[in-house]
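Bear in mind that the values in this text are calculations on the coordinates, not laboratory data. All values reported here derive from a predicted model rather than from experimental measurement. Neighbour counts run over all protein chains shown; Cβ positions are idealised from the backbone, glycine included.
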Amino acid sequence: MEAKCKGKYIPPHKRGLIASDTQTSKFEAFINKKDSESAESSWGRRDRRNGLLDSRILTETEAFFSPMKTESESFEENMPIDISEDFPEMTSFEDCEVHQTLLENIKKLHYNKPTPIQKYSIPVSLQRRDLMACAQTGSGKTAAYLFPIIAKMLNDGPPPSQNTVRGAVPVSLIMAPTRELSIQIYEEALKFTYRTGIRVVVVYGGADPKIQSKELDRGADIIVATPGRLIDFTNRGRITLNLVKYLILDEADRMLDMGFEPQIVIILEKMNKVRETGMFSATFPQSIQLLAADLMKDYIFLSVGRVGSTTDNITQKLFMVDENEKREILNQQIKDIKGLILIFVETKRSADFLCEYLRRMDYGCTTLHGDRTQAEREKALSDFKHERYNILVATDIAARGLDIPNVNCVINFDTPNNIEDYVHRIGRTGRIGKKGIAISFINEKNKPVVKELYSLLYECNQEIPEWFEDFYNSLVIKKPKTKRIYRNFN
Ligand SMILES: Nc1ncnc2c1ncn2[C@@H]1O[C@H](COP(=O)(O)OP(=O)(O)OP(=O)(O)O)[C@@H](O)[C@H]1O
């Protein structure tokens, strides 16, 4: 078979050494044997499905495909890449010779070429290696894991029928920290699996478990889930995890931090040890990388850009604002901003108060936070996405992963004291090559984040206001030790 890989990436630490061809040939070895089958793969021809693709899902999915062309031409191409082993770079989706239906879906998505993270991570995953991948917000990490998982499932065909097992027996499991992100990943997965016969189901808290249970009964090959609801369903025997071959932790550093880690451990115990694991995030603190490494075998580490950094497409502005001046300054700042504005606050109560205030000032505004019902949360997000309101005031539940086109500005009304949260929050704008603005209100309360924020601004070539430079210096320049004066008390 003729090699389809156009180039071979050599990581910086291995440049100058003679490169071996083994990885390239391994990549070539991933050849789809069933590429003559078009719309319905063997996944669509299983028991109970009678070879018919689910017309309800097809219609639902068609509505998700956007008629708009994405701005794939404007990706930052020359990002520094760090990869722990040589792997061939993929220059186009067609390089992979995957199932024709998957390539057709990529076309329907208007993905003309892979983004940098996709170029490097897809070949690694197609070679069935575990992967810890870090790339900036809005750089296409979702497709970076969905594409190879679905390619491999189409290549392998469905597992033997599990008539003896009650409930759903998925082959792939994708976990995410918030309900809204799980829904978004589910909708993406529907597009990637369109007309393949692979069934995707999403389970998350706050929604009626009976409806989700009914969906599971119809079969679930890929499950997208938040951890709590997934554990409920596995405890009730509605989902069996021992056939999971492909596991993804999206926002992996969040999934493995103290809040979620105990639940992830419970879930992993229910799974077969022989599986491929992928972990993806824009931030990956080193302590969490160590924890993540324990859950993978012989994994590849890949980073596009510096781990935890942000894109230069976001203009980051800081304002020194006392607590009692915040509303006034906010009002001044948002007056002239066109497009959608996402405002982050610390607490659910302050989200409601601020939204009320903005409504009084005649802005179209809604809120997204944990005290709202799931139906209200989903409506708020949909109203914002469809520009029925152009301001969304949210807590950190909207900080990670949400891909909302046209968010022109993110405002940290209450700036977080954790640099990872800052990176994810501002990453709701400036996605996939678009420009965005991030405004952060800073005061004495933000001392804990000043040093890391300063480094981030510096590295992303952002303007650093003089007062922030002084703030930073006051924290890093050690005060001279006061000279001890020994008095003679005699
Ligand atoms: N190859 C591509 N060509 C064009 N658009 C793409 C491509 N890959 C992904 N996209 C689009 O880019 C946008 C951002 O992708 P995605 O949400 O996966 O980013 P992400 O890296 O996961 O971000 P975050 O870190 O915030 O979760 C989406 O709208 C997606 O459809």
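Please identify the longest segment of the chain free of exposed chymotrypsin sites (Phe, Trp or Tyr not before Pro), where exposed means a DSSP state other than H, G, I, E or B and no more than 12 other Cβ atoms within 10 Å.
1-485
Could you work out the Kirkwood radius for segment 314-476, taking every pair of different alpha carbons, averaging 1/r and inverting it, reported in Å? Mind showing how you got there, number by number?
Numbers: mean 1/r = 0.0626 Å⁻¹.
Final number for the Kirkwood radius of segment 314-476 is 16.0 Å.
Loop-only check: which trypsin sites (Lys or Arg not before Pro) in segment 363-420 are DSSP coil with at most 15 other Cβ within 10 angstrom? Could you put the intermediate results ahead of the total?
Details: sites: Arg372, Arg377, Lys379, Lys385, Arg388, Arg400; in loops: Arg372, Arg388, Arg400.
Qualifying residues, ordered by number: Arg388.
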Given all pairs of different Cα atoms, what value in angstroms does the Kirkwood hydrodynamic radius of segment 412-481 take? 13.1 Å
Listing Ser84, Ser440, Ser287 from the residue with the fewest other Cβ atoms within 10 Å to the one with the most, what is the order? Ser287, Ser84, Ser440
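Quick one: length gained pulling Asn324 to Gln286 fully straight, 0.36 nm per residue minus the C-alpha distance? Walk me through the numbers on the way to the answer.
Details: separation 38, 0.36 × 38 = 13.68 nm, distance 3.68 nm.
Using 0.36 nm per residue and subtracting the Cα-Cα distance, I get 10.0 nm.
Hey, with R₀ at 35 Å, roughly what FRET efficiency would Ala375 and Asn235 work out to, going by the Cβ-Cβ distance, to 0.05? It would help to have the intermediate numbers written out before the result.
Working: r = 25 Å, r/R0 = 0.72.
For R0 = 35 Å, the calculated efficiency reads 0.90.
Among all stretches of the chain without exposed GluC sites (Glu not before Pro) (DSSP loop, at most 10 other Cβ atoms within 10 Å), which one is longest? The partial results should precede the final answer.
On the way: sites that count: Glu2, Glu77, Glu463.
Maximal segment without exposed cleavage sites: 78-462.
Loop-only check: which trypsin sites (Lys or Arg not before Pro) in segment 226-327 are DSSP coil with at most 16 other Cβ within 10 angstrom? Intermediate values should be presented prior to the final figure.
On the way: sites: Arg229, Arg236, Arg238, Lys245, Arg254, Lys270, Lys273, Arg275, Lys297, Arg306, Lys317, Lys326, Arg327; in loops: Arg236, Arg238, Lys245, Lys270, Lys273, Arg275, Lys297, Arg306.
Filter output for segment 226-327: Arg236, Lys270, Lys273, Lys297, Arg306.
Based on the Cβ-Cβ distance of Glu94 and Ser474, what FRET efficiency does E = 1/(1 + (r/R0)^6) give at R0 = 45 Å, to the nearest 0.05? Please report the intermediate quantities before stating the final value.
Values: r = 55 Å, r/R0 = 1.23.
Efficiency, rounded to the nearest 0.05: 0.20.
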Put one equal scatterer on each alpha carbon of segment 106-249, apply the Debye formula with no solvent term, and list log10 I(q)/I(0) at q = 0.14, 0.16 1/Å to two decimals. -0.66, -0.85
Hey, which of these cross-link pairs are over 30 Å Cα-Cα: Lys326/Lys385; Lys141/Lys447; Lys108/Lys335; Lys191/Lys434; Lys210/Lys379; Lys245/Lys348? Lys141/Lys447; Lys108/Lys335; Lys245/Lys348
Would you kindly state how much longer the chain becomes between Asn417 and Glu77 on full extension, computed as 0.36 nm times their sequence separation minus their alpha carbon distance, in nm to one decimal? 119.3 nm
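How do Leu268, Leu318, Leu475 line up, fewest other C-beta atoms within 10 Å first?
Listed from fewest to most nearby Cβ atoms, that is Leu475, Leu268, Leu318.
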Computed over segment 55-158: relative contact order in percent, which uses C-alpha pairs under 8 Å that are six or more apart: 28 percent
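How big is the Cα convex hull of the chain in projection, averaged over all directions, in nm²?
Details: hull surface 118.6 nm².
Computed as one quarter of the Cα hull surface, the answer is 29.7 nm².
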How large is ³J(HN,Hα), in whole Hz, for each residue of segment 296-308 in order, when computed from phi with the Karplus curve 6.51 cos²θ - 1.76 cosθ + 1.60 and θ = phi - 60°, using x for Gly and Pro? 10, 10, 6, 8, 9, 9, 9, 10, 10, x, 6, 4, x
What Kirkwood Rh does segment 251-375 have if only Cα atoms enter the pairwise 1/r average? Answer in Å. 18.7 Å
Quick check for you: which residues of segment 89-117 have the amide N under 17 Å from the point 7 Å beyond the Cα of Ser42 toward its beta carbon? 98-102
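Would you mind ranking Ser281, Ser161 so that the residue whose beta carbon has the fewest other beta carbons within 10 Å leads the list?
On the way: Ser281 29, Ser161 11.
Ascending number of Cβ neighbours within 10 Å: Ser161, Ser281.
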Once you compute Rg and the Kirkwood Rh from C-alpha atoms, what is the Rg to Rh ratio for segment 37-304? 0.94
Under Karplus coefficients 6.51, -1.76 and 1.60, residue-wise ³J(HN,Hα) of segment 348-362 in Hz, glycine/proline x: 5, 4, 5, 5, 5, 4, 5, 4, 4, 4, 5, 5, 4, 7, 6
Taking 7 Å along the Cα-to-C-beta vector as the label spot, tell me the Asp217-Arg349 distance in nanometres, rounded to one decimal. 4.4 nm
